[in-house]
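Take this structure, written in structure tokens, and hold onto it; I'll ask about it next.
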Amino acid sequence: MNIHHIGIAVQDLEQAARPYFELGYTLEAQGTVESQGVEVWMLKSGPSRLELLKATRPDSAIARFLEKRGPGLHHIALATPDIAAELQRLAAIGTPLIDAAPRSGFAGHQVAFIHPKWSGGVLVELVEVQA
């Protein structure tokens, strides 16, 4: 699997994006994922993407992350052409899944998260992307 994006929890989207804009990144997309309580800016430079995540409500996972750890790396997202099949495969080998089934994520992608205890403390997101 290739890296789809790196997710970064932030408190201020404009301020957090500024250094990346200075490095040549551009704003590829922006929007809100109401179900996750998050506002998203997707920055892009060549094939690389950074997903800046700002909480829109205090009970969201990003708000809890920021309260506990402060701004910084939140997750690594890996692209897969068939997320349902990948989740089945991972479940069959005992991988601790946060999401046993895909859910709707940013920009209409189907996503699922794998528990950080599986990957050495790193939250991993699977993102379905058609080849």
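The values are calculated or read from the model by the stated rules, or taken from the named source; none is laboratory data. If you're wondering where the values come from, they're calculated on a predicted model, not measured in any experiment. Note that each Cβ is placed from the backbone with ideal geometry, even for glycine, and that neighbours are counted across all protein chains shown. Each accessible area value is taken on the protein alone, full model and side chains, heavy atoms only, with ligands, DNA and RNA left out. Shrake-Rupley method; radii C 1.70, N 1.55, O 1.52, S 1.80 Å.
For a quick check of your reading of the model, give me the residue pairs whose first member lies in segment 19-48 and is touching a residue at least 60 places away in the same chain (Cβ under 8 Å) and under 15 Å from H4 (Cα atoms), whose second is aliphatic (A, V, I, L, M) and not in a strand (DSSP E or B), with beta-carbon atoms closer than 6 Å and at least 6 apart or on different chains.
The qualifying pairs are A29/A107.
Right, something else. Restricting attention to segment 117-131, report how many residues are touching a Pro at 6+ places or on another chain (Cβ under 9 Å) and closer than 19 Å to G94 by Cβ.
Number of matching residues: 6.
Ok, one more. For segment 20-63, how many residues are buried (at least 18 other Cβ atoms within 10 Å of the Cβ), over 14 Å from the mean Cα position of the chain (by Cα) and in a loop (DSSP other than H, G, I, E, B)?
Residues flagged as buried (at least 18 other Cβ atoms within 10 Å of the Cβ), over 14 Å from the mean Cα position of the chain (by Cα) and in a loop (DSSP other than H, G, I, E, B) within segment 20-63 amount to 1.
Can you name the residue in segment 108-131 that is free of Cβ contacts under 8 Å to residues at least 40 places away in the same chain and open to solvent by 70 Å² or more (accessible area, probe 1.4 Å) and, of all such residues, is farthest from S35 (Cα to Cα)?
G120
Could you look through segment 67-107, keep only residues that are open to solvent by 60 Å² or more (accessible area, probe 1.4 Å) and in a helix (DSSP H, G or I), and pick out the one that is farthest from W41 (Cα to Cα)?
In this case the residue turns out to be A92.
Just the residues that are open to solvent by 20 Å² or more (accessible area, probe 1.4 Å) and part of a loop (DSSP other than H, G, I, E, B), please, taken from segment 4-19.
Q11, D12
Quick check on segment 79-93. Is at least one of its residues touching a His at 6+ places or on another chain (Cβ under 7 Å) and at pLDDT 95 or above?
The answer is yes, given that some residue of segment 79-93 is touching a His at 6+ places or on another chain (Cβ under 7 Å) and at pLDDT 95 or above.
Test A92 against the criterion of being aliphatic (A, V, I, L, M), without any contact (Cβ under 8 Å) to a residue 40 or more places away in the chain and under 24 Å from M1 (Cα atoms), and give yes or no.
yes
Now a separate question. Take the conditions without any contact (Cβ under 8 Å) to a residue 24 or more places away in the chain and among the basic types (K, R) and apply them to K68. Does it pass?
For K68, the condition - without any contact (Cβ under 8 Å) to a residue 24 or more places away in the chain and among the basic types (K, R) - is met.
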